[in-house]
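First up is the structure itself, then whatever we jot down about it.
The values are calculated or read from the model by the stated rules, or taken from the named source; none is laboratory data. The structure displayed is predicted, hence computed values, not measured ones. Here the Cβ is made from the backbone with ideal geometry for all residues, glycine too, and neighbour counts use every protein chain on show.
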Amino acid sequence: MNYIYKIFLHFLIMGIFFGVGRLSAQVTVPEWQSQYAIGKNKLRPHTYVWPYDKATNIRQGDYENSRYYMSLNGRWKFSWVKNPDNRPKDFYKPGYYTGGWADIKVPGNWERQGYGTAIYVNESYEFDDPLFNFKKNPPLVPYDENEVGSYRRSFTLPLDWKDRRTVICCEGVTSFYYIWVNGHLLGYNQGSKTPAEWDITSYVKEGENTVALEVYRWSAGSYLECQDMWRLSGIERDIYLYSTPKQYIADYQVTSTLDKETYTDGLFALETTIGGEAEGAATLSYRLEDACGKTILEKDCPVQSKESGNFIFFEKETLPKVKRWSAEHPYLYTLIISLKDTSGEIIHLTGCNVGFRTSEIKDGRFCINGVPILVKGANRHEHSQLGRTVSKELMEQDIKKMEEEIEYRKLVVRKNALEAVKEAENFIFLEYFIFEDGIMLEQLLAALEEKVKQGVEVRMIYDDVGCISKLPAGYYKKMEARGIKCTAFNPFRPIMSIIMNNRDHRKILVVDGKTAFTGGINIADEYINVTTRFGYWKDTGVRIEGKAVWNFTAMFLQMWNFANHSTENYLAYKPQINWKKQYESDGYVQPYADSPIDHENQAENIYLNIINYAKDYVYIFTPYLIIDEEMCVALCNAAKSGVDVRIVTPGIPDKKLVFLLTQSYYQELLKANVKIYQFAKGFIHAKCFVCDDEIATVGSINLDYRSLYLHYECGIYMYRSKAVRQVKEDVLNTIEQSKTISLGFCQNREWYVKVLQCLLRLFAPLL
């Protein structure tokens, strides 16, 4: 009996084992509960190969207006249920009736459109909560509480898409979804922030087509998306169609770096993948254009027709003296890639903007183009009224605000100079043509007062006429009450006097004799674009450190003694007194001053020398162009000799009559091949020259009679310094934002404008 019992028990156990095995084999886990179901039937990931129909649109990235692109954003039919069992299971079929369904905006999270509840948590899983009767158990997520949104809409393909390849792309859907076209299951995707594409060529037809998505709030992928943010669901990013020929550019990779010796030469290479097949051999070509549309590099290569596709590698090319990309000067080239058939006709056109730059770790510091930078950031989640959906327009608004803030913060006196003031230990000297009540002056004075309390000596000079409408009378007394030594230069007197024309137009800040700032920037809110009277205000400033600072210290003290009829020993303020460290050399830097009483036109001589000795180019920023015969001849002769002479003036004037006078010089200069641009965004107040990648000068001196002959001015002359390239890049970047002035602009002006300009010429020295 024992033997029979053992046999029975053995078969019982075996039966239970195999029975359970069969039972387990019959249990199916839905794809959204599986960590292995990442996607199905998706195309391989690739770069954006936008289907442009015009090469001119590539520079602007205007792919949305291509006839081979179709957005599916907008109103979709929508059904929402609290769990998968209640979802409309046949809704994807073309004949399914959706007349009673609501409309929903795509892209846009459904929690922001009246369905379900938005949940905010930090680092934990929102579904790991007694509210959902669930404890985290990867890859499983709640079933009964897993909301499902069913989306559906129709579309009609353009007639010229016939006999072409058609692709559908979903840029971002949270968190898992199935997709159908005309009732055919394309596949699924699990990954909220990852785009997914399907080739739908064989499923679409002429006339009306239907696309449907079944979206699950949670999936196994939700375990990878535990972040400090609002937990939302639905179609969050764009859905669109695009069309390519049967043989097409499937992918490409651009290499655009700089040589790591001098960071001046560009290194360019291109790798492409051709997909599909076509009859006969095709040709792949690329063209690289600069910001002016000039072709600087082009290559082509034959493409064989084969199903497996072609990988084509274009060898690395060196581009001498390439224009570099940086955050401050984001210069971009345009890459145009075209696939041509046997007859040479372009069948597929794509491309992108390209910047040449390097990023590397050098000596433990992160460097861009060989220059160490400090990376700052913010926890910026993409959000709008529709949830985690941000339109192109909203992105552009954000970028514009960030650009304005960057410009606001990077200006010399607002940021760098303010930081230098806060670090002062011994003395601070300020000499500016304009001080004006506002945010800029308020923050500066707060820092100065704090320094006075710490025992730092603070002195200030302002021009009385320059500030006549900016500051109250006797403003220096208020400064003295705050412990700031202050003087008003050449106080205004309502009498006829030649000396009233001699104004202190300098912009100088010296800290401890080791750091100095100069340029065109005064202490007023319009200079940092807090107030905008004449559009965007463009200006230039320079910071220097080292022995050259002594020149600015001496300039200030000379002016202080002159204004206060005093004598003072300068030696106590020499840099070696307060700063004994060695400075690194960066080319040659020479500050200079100009005075109306020394019978030497220092600034004019420097400008003329730069123009006369230029070999390749001279680029000029000036808010006013009121020049004498000698300066005009120098500019014309340089241009006639083959030098690339460019002058950038304001697009929006601060003084209309002076602007008309400035424009009166255009015709003569243009006839000599001088290129003239007007800054389209607003007023350019910068005063700088840059020449041949070797010489630059930045200062307070305008190209007008008053600055050159009547005012006290200052500037800094730089030779083979890194700053020379920075000035050049700034000019070129500004030219990109400027309008080119033609000879026709001058010739076609109204007769009365020309007469007025002639009259203004007579009074040019007074303006």
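If you go through region 244-253 and pick out every residue that is surrounded by fewer than 22 Cβ atoms within 10 Å (Cβ to Cβ) and in a strand (DSSP E or B), you end up with 3. Pull out all pairs, ordered by first then second residue, where Cβ-Cβ is under 8 Å, the residues are six or more apart or on different chains, the first lies in region 263-281 and is without any contact (Cβ under 8 Å) to a residue 40 or more places away in the chain and surrounded by 16 or more Cβ atoms within 10 Å (Cβ to Cβ), and the second is in a loop (DSSP other than H, G, I, E, B) and not aromatic (Phe, Trp, Tyr). Close Cβ pairs (under 8 Å, with a partner that is in a loop (DSSP other than H, G, I, E, B) and not aromatic (Phe, Trp, Tyr)) amount to 275/247; 275/309.
Only one of the numbered conditions (1) at pLDDT 90 or above; (2) surrounded by fewer than 17 Cβ atoms within 10 Å (Cβ to Cβ) is violated by residue 371, and that is (1). With respect to residue 117, determine if the residue is of a type in the set (Val, Ile, Thr), within 37 Å of the chain's Cα centre (by Cα) and at negative phi. Against the criterion (of a type in the set (Val, Ile, Thr), within 37 Å of the chain's Cα centre (by Cα) and at negative phi), residue 117 qualifies.
Only one of (1) without any contact (Cβ under 8 Å) to a residue 40 or more places away in the chain; (2) under 30 Å from residue 371 (Cβ atoms) is not met by residue 258, so which one is it? Exception for residue 258: condition (1). Do the conditions hold for residue 215, that is, is it in contact with a Gly (Cβ under 6 Å, 6 or more places away or on another chain) and part of a strand (DSSP E or B)? In short, yes. With respect to the conditions (1) at pLDDT below 90; (2) crowded, with 22+ Cβ neighbours inside 10 Å, residue 745 lacks only one, and its number is (2). Of the conditions (1) farther than 24 Å from residue 624 by Cα; (2) in contact (Cβ under 8 Å) with a residue 60 or more places away in the chain, residue 458 fails just one. Which one is it? With (1) farther than 24 Å from residue 624 by Cα; (2) in contact (Cβ under 8 Å) with a residue 60 or more places away in the chain applied to residue 458, the lone miss is (2). Going by what's in this entry, would residue 473 be described as of a type in the set (A, V, I, L, M, F, W, C), more than 19 Å from residue 521 (Cβ to Cβ), part of a loop (DSSP other than H, G, I, E, B) and in the same structural domain as residue 519 (by TED's automatic domain parsing)? So residue 473 passes the test. Residue 453 meets the conditions (1) modelled with pLDDT under 90; (2) more than 29 Å from residue 538 (Cα to Cα) in every case but one. The failed one is (1).
Given the condition over 19 Å from the mean Cα position of the chain (by Cα) and surrounded by 18 or more Cβ atoms within 10 Å (Cβ to Cβ), answer yes or no: does some residue in region 374-385 qualify? No, region 374-385 has no match at all.
Of all residues in region 303-325, those satisfying the criterion of being modelled with pLDDT under 90 and either loosely packed, with under 11 Cβ neighbours inside 10 Å or part of a loop (DSSP other than H, G, I, E, B) (or both) are 304, 305, 306, 307, 308, 309, 321. Taking the criterion of being surrounded by 17 or more Cβ atoms within 10 Å (Cβ to Cβ), in a loop (DSSP other than H, G, I, E, B) and within 32 Å of the chain's Cα centre (by Cα), the residues of region 615-638 that qualify are 622, 623, 624. Check whether at least one residue in region 121-133 is crowded, with 17+ Cβ neighbours inside 10 Å, among the aromatic types (Phe, Trp, Tyr), under 38 Å from the mean Cα position of the chain (by Cα) and at pLDDT below 95, and report yes or no. Yes, there is a match, as at least one residue in region 121-133 is crowded, with 17+ Cβ neighbours inside 10 Å, among the aromatic types (Phe, Trp, Tyr), under 38 Å from the mean Cα position of the chain (by Cα) and at pLDDT below 95.
Among the criteria (1) at pLDDT below 90; (2) within 25 Å of residue 430 (Cα to Cα); (3) over 36 Å from the mean Cα position of the chain (by Cα), the one residue 583 does not fulfil is (3). Sub-8 Å Cβ pairs linking a first residue in region 56-82 that is loosely packed, with under 15 Cβ neighbours inside 10 Å to a second residue that is in a helix (DSSP H, G or I) and at pLDDT below 95, at least 6 apart or interchain, are 65/57; 67/160; 71/64, ordered by first then second residue. For region 270-296, the tally of residues that are more than 31 Å from the chain's Cα centre (by Cα) and part of a loop (DSSP other than H, G, I, E, B) stands at 6.
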